[in-house]
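Working notes, structure below.
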Amino acid sequence: MALDGNDARRQEQDAAPKSLVHRTVAALTQRRKDAPPTWLVRGAIAALTLAAGVFAASAEVPATLPSIALRQELLYRGELFLVVFYGGLLIATPVLRGVISGLLPTEITARGAKYDAPEQISGGLKNAEDRIDRLSETVQAGSGQLARLHKRVKQIEDRR
């Protein structure tokens with residue numbers, strides 16, 4: 001079966017590497033296997049938005065507003081909303097993932113949370129246990145040497 005010009009061009013486009021934008025969109029739209037259900041994420045964000053809004057609207061405004069609010073109550077309430085909303089996201093994201101997948105972050109930095117695979121965690125725990133065992137053996141050997149030295153010093157003192 002011969003390919004016409006359109007089919008050949010379509011095959012070339014499919015085989016050609018896609019642009020950075022296409023690859024990024026494809027990567028962002030793919031769902032991870034351990035990702036929480038979309039409805040749960042949307043519901044959590046809606047609840048967090050509502051809670052931040054209620055807090056910002058009902059918070060008592062001080063007599064003298066902070067300088068960052070530029071003496072404007074609306075700006076002050078907006079800043080309260082942002083602090084509560086993003087603070088909640090910072091806390092809710094790892095907690096939600098921990099509840100769904102059973103993994104908590106091993107490190108949280110400005111670039112985001114870092115999660116180690118369970119194999120890495122168990123390997124790290126095994127490594128820590130081995131190091132603790134070696135340290136325990138070293139301490140026991142050292143305490144034996146210390147006891148012998150103490151006995152030797154006692155003998156020397158008794159001779160005097």
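Coupling constants for region 124-129 follow from the phi torsions by the Karplus curve (6.51 cos²θ - 1.76 cosθ + 1.60, θ = phi - 60°), and in residue order they are x, 5, 5, 4, 5, 4 Hz; glycine and proline get x. Here the ratio of the Cα radius of gyration of region 35-114 to 2.2 N^0.38 Å is 1.35.
Amide H contacts of TYR115: THR106, each under 5 Å away and 5 or more positions distant or on a separate chain (H built 1.01 Å from N in the peptide plane; Pro and chain starts excluded).
Length gained on full extension, ARG160 to THR93, computed as 0.36 nm times the residue gap minus the Cα-Cα distance: 17.0 nm.
For region 108-160, the Kirkwood hydrodynamic radius from C-alpha pairs, put into Stokes-Einstein at 20 °C and a viscosity of 1.002 mPa s, yields a diffusion coefficient of 143 µm² per second. Between SER143 and ILE68, the distance separating the two model label sites (each 7 Å from Cα on the Cα→Cβ line) works out to 5.2 nm. Peptides 124-131, 39-46 ordered by packing proxy, namely the average of other Cβ atoms within 10 Å per residue, highest first: 39-46, 124-131.
Where a number appears in this text, it was derived from the coordinates with a stated rule and is not lab data. Keep in mind the model is a prediction, meaning the values are calculated, not measured. Here the Cβ is made from the backbone with ideal geometry for all residues, glycine too, and neighbour counts use every protein chain on show.
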